[in-house]
Amino acid sequence: MKIAVTGATGVLGQEAVEALVSAGHEVTGVTRRERGIPVVEGRGARAVVADVFDADSLTQAFEGHDVVVNTLAHVPIGMAAMRPLAWREDDKLHTDASVAISSAAAAMGVQRLIQESTVFMYPDNGSEWIGEDEPLSVRNQAFRPRVREMRSAVDFATGGRSSVILRLGQLFGRDPQTTHTLKATRSGDPILLGKPENYITLLHHRDAGRAFVAALGARSGFYNVGGEPITRGRWAKDLGTEAESKKSAKFYPEITQAVVGTRLEVQRRSLRVSSVRFMSETGWRPLIGPSTPGWSRM
Ligand SMILES: NC(=O)c1ccc[n+]([C@@H]2O[C@H](COP(=O)([O-])OP(=O)(O)OC[C@H]3O[C@@H](n4cnc5c(N)ncnc54)[C@H](OP(=O)(O)O)[C@@H]3O)[C@@H](O)[C@H]2O)c1
(Lines give C-alpha, C1' and ligand atoms only; values in the text may rest on other atoms or scores of the structure.)
Protein backbone atom coordinates (compact mmCIF):
# COMPACT_ATOMS: atom_id res chain seq x y z
CA MET A 1 0.00 0.00 0.00
CA LYS A 2 1.04 3.64 -0.45
CA ILE A 3 1.02 5.26 2.97
CA ALA A 4 1.71 8.87 4.02
CA VAL A 5 2.82 9.51 7.62
CA THR A 6 2.49 12.97 9.20
CA GLY A 7 4.79 13.72 12.14
CA ALA A 8 7.25 11.33 10.46
CA THR A 9 10.32 12.77 12.21
CA GLY A 10 8.79 12.53 15.70
CA VAL A 11 9.22 9.76 18.26
CA LEU A 12 6.06 7.95 17.16
CA GLY A 13 6.30 8.87 13.50
CA GLN A 14 9.79 7.44 13.06
CA GLU A 15 8.70 4.15 14.60
CA ALA A 16 5.59 4.05 12.40
CA VAL A 17 7.60 4.77 9.25
CA GLU A 18 10.17 2.07 10.00
CA ALA A 19 7.57 -0.56 10.88
CA LEU A 20 5.46 0.22 7.77
CA VAL A 21 8.53 0.08 5.50
CA SER A 22 9.59 -3.25 7.07
CA ALA A 23 6.10 -4.60 6.41
CA GLY A 24 6.66 -3.92 2.67
CA HIS A 25 4.68 -0.70 2.20
CA GLU A 26 5.64 2.28 0.10
CA VAL A 27 5.87 5.07 2.69
CA THR A 28 6.04 8.86 2.36
CA GLY A 29 7.09 10.76 5.49
CA VAL A 30 5.85 14.35 5.83
CA THR A 31 8.11 16.93 7.48
CA ARG A 32 7.87 20.73 7.54
CA ARG A 33 11.60 21.33 7.14
CA GLU A 34 14.47 20.30 4.90
CA ARG A 35 16.40 18.96 7.87
CA GLY A 36 13.65 16.37 8.44
CA ILE A 37 14.41 14.77 5.06
CA PRO A 38 17.45 12.68 6.13
CA VAL A 39 15.55 11.56 9.27
CA VAL A 40 12.71 10.17 7.15
CA GLU A 41 15.04 8.69 4.53
CA GLY A 42 17.09 7.09 7.29
CA ARG A 43 14.01 5.06 8.23
CA GLY A 44 13.64 3.86 4.63
CA ALA A 45 10.85 6.15 3.39
CA ARG A 46 10.55 8.90 0.79
CA ALA A 47 10.37 12.36 2.38
CA VAL A 48 8.12 15.22 1.35
CA VAL A 49 8.26 18.75 2.77
CA ALA A 50 4.75 20.08 3.48
CA ASP A 51 2.95 22.42 5.84
CA VAL A 52 0.50 20.41 7.95
CA PHE A 53 -1.66 23.51 8.48
CA ASP A 54 -2.09 24.18 4.77
CA ALA A 55 -4.70 22.21 2.80
CA ASP A 56 -3.04 22.77 -0.62
CA SER A 57 0.33 21.67 0.66
CA LEU A 58 -1.22 18.52 2.19
CA THR A 59 -3.24 17.56 -0.88
CA GLN A 60 -0.03 17.52 -2.93
CA ALA A 61 1.69 15.38 -0.29
CA PHE A 62 -1.22 12.88 -0.14
CA GLU A 63 -1.78 12.49 -3.88
CA GLY A 64 -1.87 8.82 -4.92
CA HIS A 65 -1.82 7.44 -1.35
CA ASP A 66 -4.18 4.77 0.01
CA VAL A 67 -3.68 5.51 3.70
CA VAL A 68 -2.71 8.48 5.89
CA VAL A 69 -1.25 7.85 9.35
CA ASN A 70 -1.31 10.94 11.57
CA THR A 71 1.17 10.76 14.45
CA LEU A 72 1.61 14.53 15.01
CA ALA A 73 2.13 15.74 18.59
CA HIS A 74 4.38 18.17 20.43
CA VAL A 75 4.23 17.17 24.09
CA PRO A 76 6.22 19.36 26.52
CA ILE A 77 8.72 17.45 28.65
CA GLY A 78 8.54 17.19 32.46
CA MET A 79 7.25 20.03 34.61
CA ALA A 80 7.57 22.43 31.64
CA ALA A 81 4.10 21.06 30.90
CA MET A 82 2.77 23.21 33.77
CA ARG A 83 3.57 26.46 31.91
CA PRO A 84 0.39 28.01 30.52
CA LEU A 85 1.67 28.30 26.93
CA ALA A 86 3.58 25.03 26.87
CA TRP A 87 0.75 23.14 25.12
CA ARG A 88 -0.01 25.75 22.48
CA GLU A 89 1.82 23.90 19.66
CA ASP A 90 0.40 20.53 20.68
CA ASP A 91 -3.13 22.00 20.77
CA LYS A 92 -2.73 23.50 17.32
CA LEU A 93 -1.51 20.19 15.93
CA HIS A 94 -4.54 18.35 17.36
CA THR A 95 -7.04 20.90 16.07
CA ASP A 96 -5.97 22.81 12.97
CA ALA A 97 -3.45 20.29 11.63
CA SER A 98 -5.49 17.14 12.34
CA VAL A 99 -8.60 18.68 10.76
CA ALA A 100 -6.60 19.82 7.72
CA ILE A 101 -5.06 16.34 7.40
CA SER A 102 -8.37 14.45 7.45
CA SER A 103 -9.97 16.94 5.01
CA ALA A 104 -7.03 16.79 2.61
CA ALA A 105 -6.95 12.99 2.82
CA ALA A 106 -10.67 12.79 1.99
CA ALA A 107 -10.26 15.26 -0.88
CA MET A 108 -7.43 13.20 -2.39
CA GLY A 109 -9.35 9.89 -2.34
CA VAL A 110 -7.38 8.37 0.56
CA GLN A 111 -9.37 5.36 1.77
CA ARG A 112 -8.14 5.00 5.34
CA LEU A 113 -7.03 7.32 8.14
CA ILE A 114 -5.12 6.02 11.14
CA GLN A 115 -5.19 8.63 13.89
CA GLU A 116 -3.01 8.59 17.02
CA SER A 117 -4.94 9.39 20.20
CA THR A 118 -4.44 8.74 23.89
CA VAL A 119 -5.72 6.77 26.90
CA PHE A 120 -5.35 9.93 29.01
CA MET A 121 -8.90 10.93 28.09
CA TYR A 122 -10.35 8.14 30.22
CA PRO A 123 -11.44 8.90 33.79
CA ASP A 124 -9.63 7.58 36.84
CA ASN A 125 -11.17 4.14 37.27
CA GLY A 126 -9.28 2.88 40.31
CA SER A 127 -8.46 -0.80 39.94
CA GLU A 128 -11.33 -1.41 37.47
CA TRP A 129 -10.54 -2.20 33.85
CA ILE A 130 -11.17 0.42 31.16
CA GLY A 131 -12.48 -0.63 27.74
CA GLU A 132 -13.20 1.49 24.67
CA ASP A 133 -16.84 1.98 25.69
CA GLU A 134 -15.93 3.76 28.94
CA PRO A 135 -17.22 7.36 28.70
CA LEU A 136 -14.35 9.83 28.33
CA SER A 137 -13.53 12.41 30.98
CA VAL A 138 -12.97 15.41 28.71
CA ARG A 139 -15.16 18.21 30.09
CA ASN A 140 -12.24 20.51 30.75
CA GLN A 141 -11.43 22.76 27.80
CA ALA A 142 -7.85 21.50 27.84
CA PHE A 143 -9.15 18.36 26.12
CA ARG A 144 -10.97 20.28 23.37
CA PRO A 145 -8.20 19.81 20.76
CA ARG A 146 -8.12 16.02 21.27
CA VAL A 147 -11.93 15.84 21.06
CA ARG A 148 -11.91 17.95 17.88
CA GLU A 149 -9.28 15.69 16.38
CA MET A 150 -11.30 12.59 17.25
CA ARG A 151 -14.43 14.08 15.65
CA SER A 152 -12.66 14.87 12.43
CA ALA A 153 -11.27 11.32 12.27
CA VAL A 154 -14.78 9.94 12.85
CA ASP A 155 -16.17 12.24 10.12
CA PHE A 156 -13.57 10.88 7.70
CA ALA A 157 -15.20 7.43 7.92
CA THR A 158 -18.08 8.16 5.57
CA GLY A 159 -18.61 7.43 1.87
CA GLY A 160 -16.89 4.05 2.06
CA ARG A 161 -13.78 5.38 3.83
CA SER A 162 -12.52 3.99 7.14
CA SER A 163 -10.77 5.46 10.13
CA VAL A 164 -8.98 3.74 12.97
CA ILE A 165 -8.37 5.76 16.12
CA LEU A 166 -5.63 4.35 18.34
CA ARG A 167 -5.75 5.37 21.99
CA LEU A 168 -2.13 4.79 22.86
CA GLY A 169 -0.89 4.08 26.37
CA GLN A 170 1.88 6.15 27.95
CA LEU A 171 4.90 5.85 25.67
CA PHE A 172 8.18 4.66 27.09
CA GLY A 173 11.54 3.82 25.54
CA ARG A 174 14.38 5.89 24.12
CA ASP A 175 12.55 9.21 23.98
CA PRO A 176 12.96 12.64 25.62
CA GLN A 177 10.20 12.15 28.22
CA THR A 178 11.44 8.77 29.44
CA THR A 179 15.07 9.91 29.33
CA HIS A 180 14.09 12.83 31.58
CA THR A 181 12.32 10.41 33.96
CA LEU A 182 15.32 8.06 34.13
CA LYS A 183 17.67 11.01 34.80
CA ALA A 184 15.52 12.16 37.73
CA THR A 185 15.41 8.56 39.03
CA ARG A 186 19.22 8.41 39.02
CA SER A 187 19.50 11.71 40.88
CA GLY A 188 16.86 10.73 43.43
CA ASP A 189 14.53 13.62 42.47
CA PRO A 190 10.75 13.15 42.55
CA ILE A 191 9.34 12.50 39.09
CA LEU A 192 6.15 10.42 39.28
CA LEU A 193 2.58 11.62 39.79
CA GLY A 194 -0.31 9.64 41.24
CA LYS A 195 -0.16 7.00 43.94
CA PRO A 196 1.83 3.75 43.98
CA GLU A 197 -1.38 1.69 44.02
CA ASN A 198 -2.77 3.45 40.91
CA TYR A 199 -2.54 1.74 37.54
CA ILE A 200 -0.59 2.86 34.48
CA THR A 201 -0.82 1.47 30.95
CA LEU A 202 2.48 1.74 29.12
CA LEU A 203 3.39 1.24 25.47
CA HIS A 204 6.93 0.85 24.15
CA HIS A 205 7.69 2.89 21.00
CA ARG A 206 8.58 -0.20 19.02
CA ASP A 207 5.24 -1.78 19.87
CA ALA A 208 3.52 1.49 18.95
CA GLY A 209 5.21 1.39 15.52
CA ARG A 210 3.97 -2.17 14.97
CA ALA A 211 0.48 -1.12 16.08
CA PHE A 212 0.24 1.30 13.13
CA VAL A 213 0.96 -1.65 10.79
CA ALA A 214 -1.64 -3.82 12.56
CA ALA A 215 -4.19 -1.00 12.30
CA LEU A 216 -4.11 -1.31 8.49
CA GLY A 217 -6.20 -4.47 8.89
CA ALA A 218 -8.63 -3.24 11.57
CA ARG A 219 -12.23 -2.24 11.02
CA SER A 220 -13.17 1.41 11.59
CA GLY A 221 -13.36 2.29 15.27
CA PHE A 222 -11.58 3.15 18.49
CA TYR A 223 -8.94 0.84 19.90
CA ASN A 224 -6.88 0.98 23.08
CA VAL A 225 -3.25 0.06 22.52
CA GLY A 226 -1.03 -0.71 25.46
CA GLY A 227 0.80 -3.42 27.35
CA GLU A 228 -0.42 -5.24 30.46
CA PRO A 229 -1.30 -2.45 32.95
CA ILE A 230 0.86 -2.34 36.08
CA THR A 231 0.72 -0.30 39.27
CA ARG A 232 2.63 2.97 39.40
CA GLY A 233 4.57 1.50 42.34
CA ARG A 234 5.75 -1.33 40.07
CA TRP A 235 6.65 1.23 37.34
CA ALA A 236 8.70 3.14 39.94
CA LYS A 237 10.67 -0.07 40.64
CA ASP A 238 11.12 -0.84 36.93
CA LEU A 239 12.43 2.68 36.35
CA GLY A 240 14.91 2.21 39.22
CA THR A 241 16.15 -1.05 37.66
CA GLU A 242 16.46 0.41 34.16
CA ALA A 243 18.25 3.51 35.55
CA GLU A 244 20.65 1.17 37.40
CA SER A 245 19.81 3.12 40.51
CA LYS A 246 19.65 1.45 43.92
CA LYS A 247 16.30 3.11 44.56
CA SER A 248 12.91 3.20 42.84
CA ALA A 249 11.72 6.36 41.08
CA LYS A 250 10.21 8.82 43.57
CA PHE A 251 6.67 10.20 43.66
CA TYR A 252 6.01 13.93 44.07
CA PRO A 253 4.63 14.82 47.50
CA GLU A 254 0.82 15.14 47.61
CA ILE A 255 1.05 18.91 48.18
CA THR A 256 2.90 19.37 44.88
CA GLN A 257 0.58 16.98 43.08
CA ALA A 258 -2.42 19.03 44.16
CA VAL A 259 -1.25 22.01 42.08
CA VAL A 260 -0.09 20.40 38.83
CA GLY A 261 -3.09 21.63 36.82
CA THR A 262 -5.35 19.92 34.31
CA ARG A 263 -2.73 18.90 31.78
CA LEU A 264 -0.67 16.92 34.25
CA GLU A 265 -3.64 15.80 36.33
CA VAL A 266 -4.15 13.00 33.80
CA GLN A 267 -0.86 11.53 34.98
CA ARG A 268 -2.42 11.07 38.41
CA ARG A 269 -5.34 9.02 37.11
CA SER A 270 -5.45 5.30 37.68
CA LEU A 271 -5.74 3.91 34.14
CA ARG A 272 -6.01 0.12 33.90
CA VAL A 273 -6.69 0.01 30.19
CA SER A 274 -7.54 -3.16 28.29
CA SER A 275 -6.22 -3.60 24.74
CA VAL A 276 -8.06 -6.86 24.18
CA ARG A 277 -10.24 -5.41 21.40
CA PHE A 278 -7.21 -4.37 19.34
CA MET A 279 -5.40 -7.64 20.01
CA SER A 280 -8.33 -9.79 18.93
CA GLU A 281 -9.09 -7.58 15.92
CA THR A 282 -5.52 -7.51 14.55
CA GLY A 283 -3.40 -10.15 16.31
CA TRP A 284 -1.07 -7.36 17.56
CA ARG A 285 0.71 -8.11 20.86
CA PRO A 286 3.11 -5.93 22.89
CA LEU A 287 6.61 -7.43 22.81
CA ILE A 288 8.54 -5.04 25.11
CA GLY A 289 7.43 -4.40 28.68
CA PRO A 290 8.82 -2.24 31.52
CA SER A 291 10.53 -5.32 32.99
CA THR A 292 12.25 -6.18 29.67
CA PRO A 293 15.95 -5.46 30.42
CA GLY A 294 17.42 -2.63 28.31
CA TRP A 295 14.06 -1.21 27.17
CA SER A 296 15.42 2.36 27.25
CA ARG A 297 18.04 1.53 24.62
CA MET A 298 15.74 -0.30 22.18
N1 LIG B 1 0.87 8.63 24.40
C2 LIG B 1 1.96 9.22 24.89
O3 LIG B 1 2.39 8.96 26.01
C4 LIG B 1 2.73 10.21 24.04
C5 LIG B 1 2.22 10.66 22.82
C6 LIG B 1 3.00 11.53 22.08
C7 LIG B 1 4.25 11.93 22.55
N8 LIG B 1 4.70 11.45 23.74
C9 LIG B 1 6.04 11.80 24.25
O10 LIG B 1 6.26 13.19 24.16
C11 LIG B 1 7.62 13.44 23.88
C12 LIG B 1 7.72 14.37 22.68
O13 LIG B 1 7.26 13.66 21.54
P14 LIG B 1 6.33 14.34 20.44
O15 LIG B 1 5.87 13.25 19.53
O16 LIG B 1 5.33 15.18 21.11
O17 LIG B 1 7.30 15.32 19.73
P18 LIG B 1 8.42 15.02 18.70
O19 LIG B 1 8.97 13.67 18.84
O20 LIG B 1 9.32 16.18 18.77
O21 LIG B 1 7.65 15.05 17.30
C22 LIG B 1 6.93 16.08 16.87
C23 LIG B 1 6.57 15.80 15.41
O24 LIG B 1 5.57 16.70 15.03
C25 LIG B 1 6.08 17.60 14.08
N26 LIG B 1 5.79 18.93 14.61
C27 LIG B 1 6.04 19.42 15.80
N28 LIG B 1 5.61 20.68 15.93
C29 LIG B 1 5.09 21.01 14.77
C30 LIG B 1 4.51 22.17 14.27
N31 LIG B 1 4.35 23.27 15.00
N32 LIG B 1 4.10 22.15 13.03
C33 LIG B 1 4.21 21.05 12.30
N34 LIG B 1 4.76 19.91 12.70
C35 LIG B 1 5.21 19.89 13.93
C36 LIG B 1 7.54 17.38 13.90
O37 LIG B 1 7.80 17.33 12.52
P38 LIG B 1 8.85 18.21 11.71
O39 LIG B 1 9.61 19.08 12.66
O40 LIG B 1 9.72 17.23 10.99
O41 LIG B 1 7.99 18.95 10.77
C42 LIG B 1 7.73 16.00 14.50
O43 LIG B 1 7.63 15.03 13.48
C44 LIG B 1 8.29 12.09 23.63
O45 LIG B 1 9.00 11.74 24.76
C46 LIG B 1 7.12 11.16 23.38
O47 LIG B 1 7.39 9.84 23.77
C48 LIG B 1 3.97 10.62 24.49
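The values are calculated or read from the model by the stated rules, or taken from the named source; none is laboratory data. Please read these numbers as outputs of a predicted model, since none were measured by experiment. Backbone-built Cβ (ideal geometry, glycine too); neighbour counts: all protein chains shown. For accessibility, only protein heavy atoms count, side chains too; no ligands or nucleic acids. Shrake-Rupley method; radii C 1.70, N 1.55, O 1.52, S 1.80 Å.
In this structure the amide hydrogen of A249, modeled in the peptide plane, comes within under 5 Å of the amide hydrogens of K237, L239, G240, none closer than 5 places in sequence on its chain. With a/c under 1.5 counting as rounded, go ahead and sort the stretch 2-297 into rounded, prolate or oblate using the C-alpha gyration tensor (a ≥ b ≥ c being the square roots of the eigenvalues; past the cut-off, prolate if a/b is larger than b/c, else oblate). Prolate, because a/c is 1.5 or more and a/b exceeds b/c.
How much net charge surrounds R297 when only the other residues with a Cβ under 14 Å from the Cβ of R297 are counted, with Lys and Arg +1 and Asp and Glu -1?
Details: positive: R174, R206; negative: D175, E242, E244.
Result for the neighbourhood of R297: -1.
The overall shape of the stretch 200-298 is oblate: from the C-alpha gyration tensor, with semi-axes ordered a ≥ b ≥ c, the ratio a/c is 1.5 or greater and a/b is no larger than b/c.
Taking all protein chains as shown and a probe of 1.4 angstrom, D51 keeps an accessible surface of around 70 Å². Angle of helix 11-22 to the longest C-alpha principal axis of the chain, folded into 0 to 90 degrees and rounded to 10: 50°. Each residue of the stretch 26-36 is assigned a 3J(HN,Hα), and the resulting list reads 8, 10, 10, x, 9, 9, 8, 9, 4, 6, x Hz, derived from the Karplus form 6.51 cos²θ - 1.76 cosθ + 1.60 (θ = phi - 60°), x at Gly and Pro.
Straight-line cross-link reach from K246 at under 18 Å between alpha-carbon atoms covers these aspartates and glutamates, not counting any fewer than eight positions away in the same chain: D189, D238.
If a/c stays under 1.5 just call it rounded; otherwise compare a/b with b/c (prolate if a/b is bigger, oblate if not). Do that for the stretch 14-81, with a ≥ b ≥ c from the square roots of the Cα gyration tensor eigenvalues. It comes out oblate by the Cα gyration axes.
Report, for the chain, the % of DSSP beta bridges that are antiparallel, rounded to 5.
Numbers: 2 of 38 bridges.
Around 5 percent of the beta bridges assigned by DSSP in the chain are antiparallel ones.
Taking K and R as +1 and D and E as -1, what net charge do the other residues with C-beta under 10 Å from the C-beta of A47 add up to? Before the final figure, lay out each step's value.
Details: positive: R43, R46; negative: E34, E41.
For residues surrounding A47, the net value is 0.
Set the bar at 20 Å for Cα to Cα. Now go through K195/K237; K92/K195; K2/K92 and name every pair that lies beyond it. Each step should come with its number before you reach the end.
Numbers: K195/K237 13 Å; K92/K195 31 Å; K2/K92 27 Å.
Listed pairs above 20 Å: K92/K195; K2/K92.
Result for the chain in a Gaussian network model with C-alpha springs under 10 Å: among V119, V48, V260, the largest mean-square fluctuation is at V260. Taking the centroid of alpha carbons for each part, the stretch 1-77 and the stretch 199-244 are 22 Å apart.
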